[in-house]
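This report concerns only the one structure given below.
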Amino acid sequence: MPELLRVARAVATNQVARLAPGLYVRLTGQTGRGDSDQESPEDIAAYFSQCVADYLAFAGVPADQAPSYFAGKTVVEYGPGDFPGVALLMLAYGARKVYAVDRFRMVRLTEKNVGVWKALLASLHGEPRQRALALLNNPQVPADGFKREAIEYVVRPHGFSGLQQQADLVLSRAVLEHVDDLEGTFADMLAALKPGGLAMHQVDLKSHGLHRDNPLDFLAWPAWLWSLMYSQKGVPNRWRIDRYRQILHALPVQDRRLEPTLLASAADVAAVRNRLAAPFRELGDADLACLGLWVGFSKPQG
Ligand SMILES: C[S@@+](CC[C@H](N)C(=O)[O-])C[C@H]1O[C@@H](n2cnc3c(N)ncnc32)[C@H](O)[C@@H]1O
């Protein structure tokens, strides 16, 4: 019975999310980062700094070279969540422009997010700090937002940027597992990149709280029922690492990288194997175990 109730509730709320995505995001208090009530503005600012450090590490750039790496770059960030902290840091380091692209209108300059802005600012010194301050529409009132010529918030169906050969970098963190058209998002990245541009994405393949007794048992729901319950809510699309591999190899790109960051235990993989829904039954143990990964590629020159 509790299972039936869960299904009925999920199907009904999926329709609310389909008809009124803005209302759904507000009602569920989503920030994009899970339970952020527990985090202080300083914790959230530190998270954004860590994201930037992780992108630099993935690109093979020493942390102290952030300003020379980002200088003059145009960046597309998919799925910034409710505050574009990563975008603001990249702009502070000298990026020319960031397009923050989302499927849902999430960004809100609440009092707490103004606190995050202040904590980010406190972490910056010298030129990056001056550049960060210059991003504000009104230096006295951070809640008035940021200059659109520097950071442009784009909310579009499927979260596609629609850009053509404008970006040096496209990146995301904890977003690709939510997109509703994964192949389309990769095509959008490739179109948005300039020749020679780089894509880097950290993907979280965990259940996002939707498993029961095994971290992989959310893969037991049949695809049709999962879609009925969750397709409009931005919860995990459940694509596994094999899907990223297929998409990456079908694209005319180079320097393909697919690097697992977290693995389920062999015991959990074995225990869930007989319960899997059709799309996941064919997965090998190593692919099934993958609970997180980095995906990267570059767009060929010319
Ligand atoms: C878990 S949050 C991650 C937020 C932020 N990147 C972070 O690390 O805190 C997922 C984000 O992806 C966004 N999203 C969902 N579907 C998307 C899509 N199709 N394209 C772009 N963003 C999408 C959500 O609205 C949200 O902003």
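The values are calculated or read from the model by the stated rules, or taken from the named source; none is laboratory data. Being a predicted model, the structure only gives us computed values, none of them experimental. Cβ sites come from the backbone with ideal geometry, for glycine too, and all protein chains shown count toward neighbours.
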Residue within the stretch 169-187 that is more than 22 Å from ARG18 (Cα to Cα) and acidic (Asp, Glu) present: no
Any hit, the stretch 144-165, residues being of a type in the set (Gly, Ala, Ser), more than 22 Å from the chain's Cα centre (by Cα) and within 30 Å of VAL179 (Cα to Cα): no
Qualifying position, being surrounded by 19 or more Cβ atoms within 10 Å (Cβ to Cβ), closer than 26 Å to GLN165 by Cβ, β-branched (Val, Ile, Thr) and at pLDDT 95 or above, among VAL272, VAL203: VAL203
Of all residues in the stretch 180-199 being within 13 Å of the ligand (Cβ to nearest atom) and surrounded by fewer than 23 Cβ atoms within 10 Å (Cβ to Cβ), the one that is nearest to TRP239 (Cα to Cα): LEU182
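Let me confirm something: among ALA132, ALA100, which residue is surrounded by 16 or more Cβ atoms within 10 Å (Cβ to Cβ), hydrophobic (A, V, I, L, M, F, W, C) and away from the ligand (no atom under 13 Å from the Cβ)?
Details: ALA100 fails: away from the ligand (no atom under 13 Å from the Cβ).
The match here is ALA132.
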Pairs, first in contact (Cβ under 8 Å) with a residue 60 or more places away in the chain and within 14 Å of GLY81 (Cα to Cα) in the stretch 174-186, second within 6 Å of the ligand (Cβ to nearest atom) and in a loop (DSSP other than H, G, I, E, B), C-beta under 7 Å, six or more apart: VAL175/GLY79; HIS178/GLY79; HIS178/GLY234
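Filtering the stretch 228-257 down to residues that are among the small types (Gly, Ala, Ser) and surrounded by fewer than 16 Cβ atoms within 10 Å (Cβ to Cβ), which residue is farthest from LEU193 (Cα to Cα)?
Ranking the qualifying residues of the stretch 228-257, first place goes to SER231.
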Positions within the stretch 34-80 being within 14 Å of the ligand (Cβ to nearest atom), surrounded by 15 or more Cβ atoms within 10 Å (Cβ to Cβ) and not in a helix (DSSP H, G or I), in sequence order: GLU39, VAL75, VAL76, GLU77, TYR78, GLY79, PRO80
Selected residue (criterion: nearest to the ligand (Cβ to nearest atom)) from residues of the stretch 1-33 that are at pLDDT 75 or above, of a type in the set (Val, Ile, Thr) and surrounded by fewer than 16 Cβ atoms within 10 Å (Cβ to Cβ): VAL16
Single residue of ARG238, ARG156 found to be among the basic types (Lys, Arg) and under 20 Å from GLU259 (Cα atoms): ARG238
Given (1) surrounded by 15 or more Cβ atoms within 10 Å (Cβ to Cβ); (2) within 24 Å of the chain's Cα centre (by Cα); (3) of a type in the set (A, V, I, L, M, F, W, C), number of the condition ALA286 does not satisfy: (1)
